[in-house]
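Taking it in order: structure first as structure tokens, then the write-up.
The values are calculated or read from the model by the stated rules, or taken from the named source; none is laboratory data. Treat the numbers as computed from the prediction; the structure is a model and nothing was measured. Ideal geometry is used to build each Cβ from the backbone, glycine not excepted, and the neighbour counts take in all protein chains shown. The accessibility values were calculated without ligands, DNA or RNA, using every heavy atom of the protein model including side chains. Shrake-Rupley method; radii C 1.70, N 1.55, O 1.52, S 1.80 Å.
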Amino acid sequence: MAKRVYEVWKGSNKFILGGRLIFGPDARSLLVTLLLIIVPVIIFCVFVARHLRHELSPHNAGYAILVVAIVFTIYVSPLKPQVLVLLFLTSSRDPGIIPRNSHPPEEDLRYDSSVSVEVGGRQTPSLQFPRTKEVMVNGIPVRVKYCDTCMLYRPPRCSHCSICNNCVERFDHHCPWVGQCIGLRNYRYFFMFVSSSTLLCIYVFSMSALYIKILMDDYHGTVWKAMKESPASVILMAYCFISLWFVGGLTGFHLYLISTNQTTYENFRYRADNRINVYNRGCVSNFLEVFFTEIKPSRNNFRSFVQEEVPRPSLPRTPETEDLSGDPRSKVEDDLEIGDDLLKISQRRNIEEIDEDIRSRGSNGPPHNALEVDSILGSDIRAPTIRSETRHSSWGRRSGSWEIAPEVLANSTVTESRSYISPKEAQQ
């Protein structure tokens, strides 16, 4: 049975409702964020707004305070979606994930002779991709990097999130509070969520302070007596004051980023480089780009069925096309191996001449001991160790089987006392 894309997804994301909603791997932190929003609002409605409804009943302002708190937290108006809905839109949608390639881009494949790997004792050219490319952005060259995980060159302003394990367009950061990457397709909702949370904190803080002021006037007492009458107001004021340092500071920081057309990632990574910001088009145009441009559709259809790759046609294996269609790297290795075999054949012929010289001396004079034999062998030529097994060269794959002659191996009788040297030393 064919599987859908979200079922075989290689990233670390979590899907629900059959791939309709996508979350990050730390989506459980979203529950903590919900509690941090909902619990204070419930306390405010029960212990503060309900009493303000009675205190301000002649002007019907008490009902307005209660309704505003609920609407501001949950309700979605045509112009201004509020906190919980913005949180949902931020965390449950594709932030701008770029689909992975199934194989590297072949047009950029090359052999780098400066970077070599050792294969069978030989240095062979390494198969390399250019690590960077240059593309033009607003008439200025921008360097983009190759992603080994996704096997693609990242577009400008794209980065690979190590938590979600995806390349994300216009990557800003991975937010643990919403359990999702913040990128091209959800940055607008993220900023509106943060700014709405800031306004909600200011509203709850102000209404709680107003209730403390009303209690002081009613009882003609001090602020301490009013705080004893409504400890919930004190707790809410303290909570909102602390929260404002976070969400308020975050709102101000992202207002600066939007005005200069930067991302959080770019600001922290390239702050000390003094680079020219090629994306900055002016404060007004930058705000229009974030809030009024159409959000691009997702590049991924997570509910579509996975299609099997059609194998690419290859040329028939013939002596004429084998070198063209074969792997260039294996051809380089075969050529090196052939040269090594020819070198060893020439060395074995030198061994035969030395053996004949030893035999001729033995027939004319007294027999030589092993030390004299070693001195003869070690005077000018140090022969490599000859193994008794027959070596089959990879050359035989192209020009038939090619074996070392048995008579050559039969003459290698003085092998144990000869030291091994590499083919490079023998050539010297």
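For region 126-221, give the percent of accessible area contributed by carbon and sulfur heavy atoms, probe 1.4 Å, rounded to a whole number.
Ligands and nucleic acids excluded, carbon and sulfur give 60 percent.
Going by average Cβ neighbours within 10 Å, how do the peptides 180-191, 199-210 rank, with the highest at the top?
Put in order of decreasing packing, that is 180-191, 199-210.
With a sphere of radius 12 Å drawn around the Cβ of His173, what net charge do the other residues whose Cβ falls strictly inside it have (Lys, Arg +1; Asp, Glu -1)?
0
Find out how many positive minus negative residues lie around Ser92, taking Lys and Arg as positive, Asp and Glu as negative, among other residues whose Cβ is under 12 Å from that of Ser92.
With Lys, Arg at +1 and Asp, Glu at -1, the net is +3.
Determine the gain in length on full extension of the stretch Val46-Ser259; use 0.36 nm per residue of separation and subtract their C-alpha separation, reporting nm with one decimal.
72.7 nm
Can you give the accessible area per residue of region 151-196, in Å², using a 1.4 Å probe?
28 Å²
Using 1/(1 + (r/R0)^6) with R0 = 30 angstrom and r between the beta carbons of Glu7 and Ala272, what's the FRET efficiency to the nearest 0.05?
Efficiency at R0 = 30 Å is approximately 0.10.
Take each of the peptides 2-8, 35-41, 292-298, average the number of other beta-carbon atoms within 10 Å over its residues, and list them starting from the highest.
35-41, 2-8, 292-298
Before I look further, what does region 199-254 give for accessible area per residue, probe 1.4 Å, in whole square angstrom?
Heavy-atom SASA per residue in region 199-254 reads 59 Å².
Just to confirm a number: summing +1 for Lys and Arg and -1 for Asp and Glu over residues other than Ile22 whose beta-carbon lies under 12 angstrom from that of Ile22, what do you get?
The answer is +4.
With r defined as the distance between the Cβ atoms of Thr293 and Ile214 and R0 fixed at 45 Å, what FRET efficiency is calculated, to the nearest 0.05?
Efficiency, rounded to the nearest 0.05: 0.45.
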